Amino acid sequence: MSVWTLLVIAVGVSADAFAVALGKGLHLRRLTARTAVSLAVAFGFFQGVMPLAGWALARGFRGWITSIDHWVAFALLVLIGGKMLWEAFSSGEDDEEDRDGGIGLRELLVLSVATSVDALAVGISFAFLDVAIVPAAVAIGVTTGVITLVGVLVGHRVGARFGKPAEVLGGLVLIGIGTRILLDHTGVL
């Protein structure tokens, strides 16, 4: 596989991570360096590990994994997006700490897994191609980390200007990504 092909794949599987990071950036009133770096590292790490896991599991579990991966991503992204919408429309500010620059470990893990399910499928396909899996996984992980950082920074800049409408948009983006993944994998799109 050529370097250019691998880069295109890396950018392609990073698209969901970018959109989710954009949504998270829209949601936060104050973005800390720790939050931005945490998102970039977590998303990049999971995007890099998932192709390895998919590659390792491909022989025995290929049919099972590909039959449910889209449902897992859909459920996780709709839950997080729905939570963002709920918070945008609820009158209470019970998530003030989260909105003021932090991200909880549970949310970080859920978002990381949800955005990396496609990378698992890529790893499965890599098992049937002549691909050096470790360099490919590293390239995917690093690309995703950089793209995620850009997404959260851009999202925050827009969110700081537009407030609640930007938060609603962020929640809708997550739900839309989950729906697109589901429709794409079920053959509707």
Go through Phe46, Phe61 for me and flag whichever is modelled with pLDDT of 90 or more and open to solvent by 40 Å² or more (accessible area, probe 1.4 Å).
-> Phe46
In the range 142-174, what residues are open to solvent by less than 10 Å² (accessible area, probe 1.4 Å) and small (Gly, Ala, Ser)?
-> Gly151, Gly155, Gly159, Ala166, Gly170, Gly171
Residues (over 18 Å from Ile175 (Cα atoms) and among the hydroxyl-bearing types (Ser, Thr, Tyr)) located in the range 1-39 = Ser2, Thr5, Thr32, Thr35, Ser38
Scanning the range 100-111 for residues that are modelled with pLDDT under 80 and touching a Leu at 6+ places or on another chain (Cβ under 8 Å), the one surrounded by the most Cβ atoms within 10 Å (Cβ to Cβ) turns out to be Gly101
Inter-residue pairs, beta-carbon under 6 Å, first surrounded by 23 or more Cβ atoms within 10 Å (Cβ to Cβ) and in the range 112-133, second in a helix (DSSP H, G or I) and of a type in the set (S, T, N, Q), 6+ apart | Ser116/Gln47; Ala119/Gln47
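The values are calculated or read from the model by the stated rules, or taken from the named source; none is laboratory data. Not measured: the values here are computed from a predicted model. As a convention, Cβ positions derive from the backbone with ideal geometry for all residues, glycine included, and neighbour counts pool all protein chains shown. Remember, those area values only see protein heavy atoms, side chains included, never the ligands or the DNA or RNA. Shrake-Rupley method; radii C 1.70, N 1.55, O 1.52, S 1.80 Å.
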